[in-house]
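The values are calculated or read from the model by the stated rules, or taken from the named source; none is laboratory data. None of these values were measured; they are calculated from a predicted model. Positions of Cβ are generated from backbone atoms using ideal geometry, with glycine treated the same way; all protein chains shown enter the neighbour counts. Please note that ligands, DNA and RNA were not included when accessible areas were found on the heavy atoms of the full protein model with its side chains. Shrake-Rupley method; radii C 1.70, N 1.55, O 1.52, S 1.80 Å.
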Number of protein chains: 2
Amino acid sequence: MSEGELIVVALGGNALLRRGEKGSFEEQYNNVRRTSRFLADLVEMGYKLVITHGNGPQIGATLLRHDAGKRMYDIPPFPMDVCGAETQGFIGYMIQQALRNELKRRGIDKYVITVVTRVIVDEDDPAFQNPSKPVGKFYTKEEMEELKRIHPEYVFKEDKARGGWRRVVPSPDPKIIAERHAIKTLVEAGFIVVASGGGGIPIVEVDGVEARGVEAVIDKDLAGERLAALLGASRFIILTDVDGAYLNYGKPNQKKIGRIKASELRKLYDEGHFPPGSMGPKVLAAIRFIEDGGKEAIIAELSQLKDAIEGRAGTHVVP
Amino acid sequence: MSEGELIVVALGGNALLRRGEKGSFEEQYNNVRRTSRFLADLVEMGYKLVITHGNGPQIGATLLRHDAGKRMYDIPPFPMDVCGAETQGFIGYMIQQALRNELKRRGIDKYVITVVTRVIVDEDDPAFQNPSKPVGKFYTKEEMEELKRIHPEYVFKEDKARGGWRRVVPSPDPKIIAERHAIKTLVEAGFIVVASGGGGIPIVEVDGVEARGVEAVIDKDLAGERLAALLGASRFIILTDVDGAYLNYGKPNQKKIGRIKASELRKLYDEGHFPPGSMGPKVLAAIRFIEDGGKEAIIAELSQLKDAIEGRAGTHVVP
């Protein structure tokens, strides 16, 4: 029985932008409209819904716009946390508008509300000493060096395989969703909530009082897990562009994981079976959700959302 | 007695950015911190608070960043409604963080929540036939003509007094705050809410179902009035950089209006006593609030907020 059960859904990059697209509003909004049809199915089935989403390409574009604005018009560029807040505003707007439109079309009068969300990370998180998350475009050595002159605080890493330099930022572990109480209030009152977009705006709490933004990017699935756990959701669904977690992914002996206990998956994760940049954080988020008391975590392909919920698709992680 | 009374406060441009500043995050956040001290006084006095704010210089900068991003990096620029959503995200983030910090410092454990807010306007609003609201910077004729080539849909007007061309957009009349129910739910649950930033994201409802963004800017005081009226606020306070509404402002015989009935002020407004670009919409918003059943509308200077609430400063419009 689904009535009243709360599901947190984490939308992957393909829910907003598809391969080969340049990132125009029209492209992104069309993708969000398609995504909304899958999400609306869940609402129609009676579930309460909280939606979170990535913002990788979007914050990349935002940072470049700030850089270009500085160079062309001398407009001061914003720090990364503030750019993240910008993407939450615009992506949330797209989702709340497209999903409400879709629901109205189906005769369901529910509002979708975007809450600008900060996520608390630990000031002493080792990630701050080791920026590792690439953001934005690839640069030549010359472009990189010029950027370094304008923004001396930027850290770059060379990607030899793809031939170029990319800016890297810290990716600290999310601890607490600052706005969790308001999100819960809205969910309980029957609203669908978009929250913690792009992994949330990363903040630290200095002396336990002064919240301050930091230049970092939080993994959106790990932040989504915190959101799901803190809200007491029964299920946490990570949607992406593959139909589940695989062992030996991309190799001849690849094997999809159907249903698995969190303890078993934790063992496989610790053995290094999942690549850190892509499936790794999703698997870790799924494991953590069960360890934090969740009933089921699912990793599935976006268009299979309904099948995944009904147990016919995706990787299902259970206690 | 103020316990539980709801006040909607509309912050003017000077709450975010001050004359001569270039618009860096540090400048804006410092201003927001100062503003938060005035707002926190109201919370400490026991009032429930909903905050709205302008975004003129911010959306101007955002539009220029999108233009620069297109020229330098070929990143598709977003329409104006989407740029407005971006500014709601970042300005809301600043207010929610600074005000919660200030409240915590005073021992008050209240959360400040930013709701991405759409405002419904009429598709047939005459403003769409007559774009009049200037946005962004001044251009030379050559720059303007080049922009026209890139964005043929842009409309420009010459400002002969200040010597240059500016983009103008429609400024339709706000009708309904789309997210009003969620805002009300949050306020009733004890949250302080930031909503309808920059006058809200302007949308029209096509055939009463399909909500769609439009390229326009809504006056933030008129939108704030709709917010205050729809939430059933008892008071609506418009904060700006002058200490009230004046007759013959700037002339030797200027006279500040202290306390006035809405019907009297309506007469003065209709006679054209208040300039359309600045005090006009504030006076109109104040009049409308009383006509819509509000108890008191106040126009006051930001730093006089507490005095204004207690009747010692500002222009007070009453039934």
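It is to be established whether one or more residues within region B:251-259 are closer than 24 Å to B:G56 by Cβ, touching a residue at least 24 places away in the same chain (Cβ under 8 Å), more than 18 Å from the chain's Cα centre (by Cα) and assigned by TED's automatic domain parsing to the domain that holds B:V32. The answer is no, given that none of the residues of region B:251-259 is closer than 24 Å to B:G56 by Cβ, touching a residue at least 24 places away in the same chain (Cβ under 8 Å), more than 18 Å from the chain's Cα centre (by Cα) and assigned by TED's automatic domain parsing to the domain that holds B:V32. Inside region A:13-29, residues that are more than 14 Å from chain B (Cβ to nearest Cβ) and either in a loop (DSSP other than H, G, I, E, B) or polar (S, T, N, Q) (or both) make up a count of 3. The set of residues from region A:1-44 being in contact (Cβ under 8 Å) with a residue 60 or more places away in the chain and charged (D, E, K, R) comprises A:E5, A:R33, A:R37, A:D41, A:E44.
When B:V50, B:V32, B:V82, B:V43 are checked against the criterion of being within 11 Å of chain A (Cβ to nearest Cβ), at pLDDT 95 or above and out of contact with any Gly (no Cβ under 6 Å at 6 or more places or on another chain), a single residue qualifies: B:V82. Give region A:89-108 a look and list any residue that's among the hydrophobic types (A, V, I, L, M, F, W, C) and either within 7 Å of another protein chain (Cβ to nearest Cβ) or assigned to a loop (DSSP other than H, G, I, E, B) (or both), or say none. Within region A:89-108, A:F90, A:I108 meet the criteria.
Of the set (1) within 11 Å of chain B (Cβ to nearest Cβ); (2) modelled with pLDDT under 95; (3) open to solvent by 10 Å² or more (accessible area, probe 1.4 Å); (4) within 24 Å of A:V214 (Cα to Cα), all apply to A:G60 but (3). The numbered conditions (1) assigned to a helix (DSSP H, G or I); (2) modelled with pLDDT of 95 or more are all true for A:R71 except (2). Considered as a group, the residues in region A:26-57 that are under 14 Å from B:F78 (Cα atoms) and open to solvent by less than 30 Å² (accessible area, probe 1.4 Å) include one that is nearest to the chain's Cα centre (by Cα), and that residue is A:Q28. I'd like the full set of residues that are in contact with a Phe, Trp or Tyr (Cβ under 8 Å, 6 or more places away or on another chain) and of a type in the set (A, V, I, L, M, F, W, C), limited to region A:84-108. Residues satisfying the conditions are A:A85, A:F90, A:M94, A:A98. Is it the case, given these coordinates, that A:D159 is surrounded by fewer than 18 Cβ atoms within 10 Å (Cβ to Cβ), of a type outside the set (V, I, T) and at pLDDT 95 or above? No: the conditions fail for A:D159.
Apart from one condition, A:G4 fits all of (1) in a loop (DSSP other than H, G, I, E, B); (2) in contact with a Pro (Cβ under 8 Å, 6 or more places away or on another chain); the exception is (2). In region A:292-315, what count of residues is obtained for those that are touching a residue at least 60 places away in the same chain (Cβ under 8 Å), out of contact with any Phe, Trp or Tyr (no Cβ under 9 Å at 6 or more places or on another chain) and open to solvent by less than 70 Å² (accessible area, probe 1.4 Å)? Count: 7.
Within region B:184-204, the set of residues being within 9 Å of chain A (Cβ to nearest Cβ) and in contact with a strand residue (DSSP E or B) (Cβ under 6 Å, 6 or more places away or on another chain) comprises B:L186, B:F191, B:V193, B:V194, B:G197, B:I201, B:I203. Restricting the search to strands (runs of 3 or more DSSP E) fully inside region B:109-170 and requiring at least 3 residues that are closer than 20 Å to B:G56 by Cα and among the aliphatic types (A, V, I, L, M) gives B:118-121. Taken over region B:168-178, the criterion of being more than 27 Å from B:E5 (Cα to Cα) and open to solvent by less than 20 Å² (accessible area, probe 1.4 Å) is satisfied by B:V168, B:V169, B:P170, B:P172.
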